[in-house]
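Everything below concerns the one structure shown next.
The values are calculated or read from the model by the stated rules, or taken from the named source; none is laboratory data. Everything numeric in this text was worked out from a predicted model, so none of it was measured. Because the Cβ atoms are built from the backbone with ideal geometry, glycine has one as well, and the counts that use them run over all protein chains shown.
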């Protein structure tokens, strides 16, 4: 197994390289995994030299995973979504053995996730011997002799049986994408940018999976993998106009033990019934209307989804883009942006890695997430954008990134 991180700036041709490679390497079998269904269609259409199959529930007796496994058993080339790939089971792992598939993963996956379970229920399952825990690794095992169990805790059972579930910080269950699947591929390519700050990097480090870095470049109308090099920021420094209006930015000024525009901050404003979210709403409106003077259709903005209803306003509501949007061209006409959050890792997820002696660079993670969002806009086509980043922390991360020189 060889893992290659194709680490290149958004819009530099990673997907085009993948399609070109799959059209030319007809002696290989491929599984291509992408976040969005529109990218599934792009791959099927683009790979004209070979047949790609998309798993369909109607062809799997109501289950896309069943059809996915059927396609695997036949050695077909498959294109599907992250959502389906996350549901792989024991049968999937067995079918992958000796098939010599190459995996191309478009963007990193959500590879850890909390499993909600009441502490009393958990204690009952543990005391009854249904669940056991490895004292060293804290991995959970389902030890019930009832193989046909289909009761109240079936989702927990499936997560434990089909994946890796860990007991963390004496109270919570954390699902962990089964690392064994990555060992069943002949080659793996992960296409992203700033992998060093992303969760999947920490997951690979924790599981001692080695990886190497490459970048992609268009050379004489062909996309080629080259030795890794960071993005050339000179162009982006000229194209990205960051709002420096002191009045608008005042709401996001970082202080000691104070992290404005974080998810906790939003929650506190609602609980304490402050006027801060009204101020933010007015700032966004003012930015788009009076500073950018942009068309409504060109406005793109984000806050945490739970507070969308509190912050939406005239002339920009329909331009909402989820802060974790990736690998889509749907918003490529947006030229005026408002990135109104201050991203921090979920403390439980962060703690999961820290407990396993993995060093976390939270600023690199936040920067990678922000750049993915910004590059949904027309900057991916090397066109200028205006952006309001009221959080002083996030704004400085962007400014510092733009000011670093190519290595």
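Residues that are crowded, with 16+ Cβ neighbours inside 10 Å, modelled with pLDDT under 95 and out of contact with any strand residue (DSSP E or B) (no Cβ under 6 Å at 6 or more places or on another chain) are absent from region 385-397 altogether. Restricting 77, 70, 100 to those that are crowded, with 16+ Cβ neighbours inside 10 Å and over 22 Å from residue 159 (Cα atoms) reduces the list to 77. Would you call residue 114 over 30 Å from residue 12 (Cβ atoms), touching a helix residue (DSSP H, G or I) at 6+ places or on another chain (Cβ under 8 Å) and not in a loop (DSSP other than H, G, I, E, B)? Spelling it out, residue 114 is indeed over 30 Å from residue 12 (Cβ atoms), touching a helix residue (DSSP H, G or I) at 6+ places or on another chain (Cβ under 8 Å) and not in a loop (DSSP other than H, G, I, E, B).
Just one of the numbered conditions (1) out of contact with any strand residue (DSSP E or B) (no Cβ under 7 Å at 6 or more places or on another chain); (2) within 25 Å of residue 271 (Cβ to Cβ); (3) touching a residue at least 12 places away in the same chain (Cβ under 8 Å); (4) in a helix (DSSP H, G or I) is not true of residue 368: (2). Examine region 4-18 for a residue that is over 30 Å from residue 232 (Cα atoms) and surrounded by fewer than 16 Cβ atoms within 10 Å (Cβ to Cβ), and state whether such a residue exists. No, region 4-18 has no match at all. Taking region 331-371, which residues are under 19 Å from residue 303 (Cβ atoms) and surrounded by fewer than 19 Cβ atoms within 10 Å (Cβ to Cβ)? 331, 344, 345, 346 - these are the residues of region 331-371 that are under 19 Å from residue 303 (Cβ atoms) and surrounded by fewer than 19 Cβ atoms within 10 Å (Cβ to Cβ).
Report whether or not residue 189 is within 17 Å of residue 24 (Cβ to Cβ), at pLDDT 95 or above and assigned by TED's automatic domain parsing to the domain that holds residue 89.
yes
Selection of region 116-145 for residues being surrounded by 10 or more Cβ atoms within 10 Å (Cβ to Cβ) and either modelled with pLDDT under 80 or out of contact with any strand residue (DSSP E or B) (no Cβ under 8 Å at 6 or more places or on another chain) (or both) yields 117, 119, 121, 123, 124, 128, 129, 144. Is it true that residue 152 is modelled with pLDDT under 85, more than 30 Å from residue 77 (Cα to Cα) and either exposed (fewer than 13 other Cβ atoms within 10 Å of the Cβ) or more than 29 Å from the chain's Cα centre (by Cα) (or both)? Spelling it out, residue 152 is indeed modelled with pLDDT under 85, more than 30 Å from residue 77 (Cα to Cα) and either exposed (fewer than 13 other Cβ atoms within 10 Å of the Cβ) or more than 29 Å from the chain's Cα centre (by Cα) (or both). Any idea which residue in region 300-309 is farthest from the chain's Cα centre (by Cα), counting only those that are closer than 21 Å to residue 270 by Cα and surrounded by 16 or more Cβ atoms within 10 Å (Cβ to Cβ)? Per the criteria, the residue is 307.
Any residue in region 5-15 that is assigned to a loop (DSSP other than H, G, I, E, B) and within 20 Å of residue 182 (Cα to Cα)? No. Within the bounds of region 310-327, is there any residue that is in contact with a helix residue (DSSP H, G or I) (Cβ under 6 Å, 6 or more places away or on another chain) and loosely packed, with under 15 Cβ neighbours inside 10 Å? Among the residues of region 310-327, at least one is in contact with a helix residue (DSSP H, G or I) (Cβ under 6 Å, 6 or more places away or on another chain) and loosely packed, with under 15 Cβ neighbours inside 10 Å, which makes the answer yes. Taken over region 297-309, residues that are closer than 14 Å to residue 386 by Cα, touching a helix residue (DSSP H, G or I) at 6+ places or on another chain (Cβ under 7 Å) and part of a helix (DSSP H, G or I) amount to 0. Of the residues making up region 20-55, those that are assigned to a loop (DSSP other than H, G, I, E, B), at pLDDT 95 or above and under 24 Å from the mean Cα position of the chain (by Cα) are 54, 55.
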